Amino acid sequence: MKLNAGIITKNLEESKSFYTKTLGFGVTFENEFYVLLHTPNHEAEISFLLPEHPSQQPLFHPAFQGKGIYLTIEVNNVDELYATLKKEGVPIKIDLRDEPWGDRHFAIEDPNGVAIDIVQYSPPGE
């Protein structure tokens, strides 16, 4: 089984640009109403679909409202990516921090209002 999260949004081009330019995702497939992106290592995908598109069933028509969803992206060097994104002027929503359960992370937000937690995991106490 494989999971591909999808977001219905009018921000198709903005989403593609954000994920490819900011986070290094690649384009797996795209057409005029849909784009499927993959992580740099091809282990996960996310898709974006225009709302109210006539090719889609009504269940897939309403646009995402920008609240109540987040993505977690695990990286090998969270400090390096944090420094790079800050240097590029990407707005940081939660500054780099360590949590007692072992996460070292920071958060950004995509053009659709989706919170993105960028994390490097390590056992608590390290």
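Quick notes on this one:
- Whichever lysines have a C-alpha closer than 19 Å to that of LYS87, once near sequence neighbours (fewer than 8 apart) are set aside: LYS21
- Note, ³J(HN,Hα) from phi for segment 32-48, Karplus 6.51, -1.76, 1.60, rounded to Hz, x at Gly and Pro: 6, 10, 8, 9, 10, 10, 10, 5, x, 8, 6, 7, 9, 9, 9, 10, 9
- Reach of LYS10 by Cα under 17 Å, taken over lysines that are not fewer than 8 positions away in the same chain: LYS67
- The value of relative contact order for the chain, using C-alpha pairs under 8 Å at least six residues apart, is 22 percent.
- Sequence-distant residues sharing a close amide H with ILE116 (under 5 Å, placed H): LEU71, ILE108, GLU109, ASP110
- Classification of segment 60-126 by its C-alpha gyration tensor yields an oblate form. The axis ratio a/c (a ≥ b ≥ c) is 1.5 or more, and b/c is at least a/b.
- As a length-normalised measure over Cα pairs under 8 Å and 6 or more apart, the relative contact order of segment 76-126 settles at 32 percent.
- Taking only the Cα atoms of the chain, the ratio Rg/Rh comes out at 1.00, with Rh defined as the Kirkwood radius.
- Ligands, DNA and RNA left out, the accessible area of the chain computed with a 1.4 Å probe is 54% carbon and sulfur.
- Phi to ³J(HN,Hα) by Karplus 6.51 cos²θ - 1.76 cosθ + 1.60 over segment 2-14, Hz, x for Gly, Pro: 9, 9, 10, 6, x, 10, 8, 7, 7, 8, 4, 5, 4
- Packing order of peptides 30-36, 11-17, 56-62, 98-104, highest average first: 11-17, 30-36, 98-104, 56-62 (average count of other Cβ atoms within 10 Å over each peptide's residues).
- The chain, helix-only ellipticity at 222 nm - DSSP H runs n ≥ 4, -39,500 (n - 2.57), divided by all residues, nearest 500: -3500 deg cm²/dmol
- For the chain, the solvent-accessible area works out to 63 Å² per residue, with a probe of 1.4 Å and every protein chain left in place.
- The H on the amide N of GLY6, modeled in the peptide plane, is under 5 Å from the matching H of SER47, each at least 5 residues off or on a different chain.
- Projecting label points 7 angstrom from Cα along Cα→Cβ for GLU14 and ILE94 puts them 2.3 nm apart.
- Vicinal HN-Hα couplings computed from phi for segment 52-63 (Karplus, 6.51 cos²θ - 1.76 cosθ + 1.60; Hz; Gly/Pro x): 6, 6, x, 6, 9, 6, x, 4, 9, 8, x, 6
The values are calculated or read from the model by the stated rules, or taken from the named source; none is laboratory data. All of these numbers come straight from a predicted model, not from anything done at the bench. Cβ: placed from backbone, ideal geometry, glycine included. Neighbour counts: every protein chain shown. In case anyone asks, the SASA skips ligands and DNA or RNA and just uses the protein heavy atoms, side chains included. Shrake-Rupley method; radii C 1.70, N 1.55, O 1.52, S 1.80 Å.
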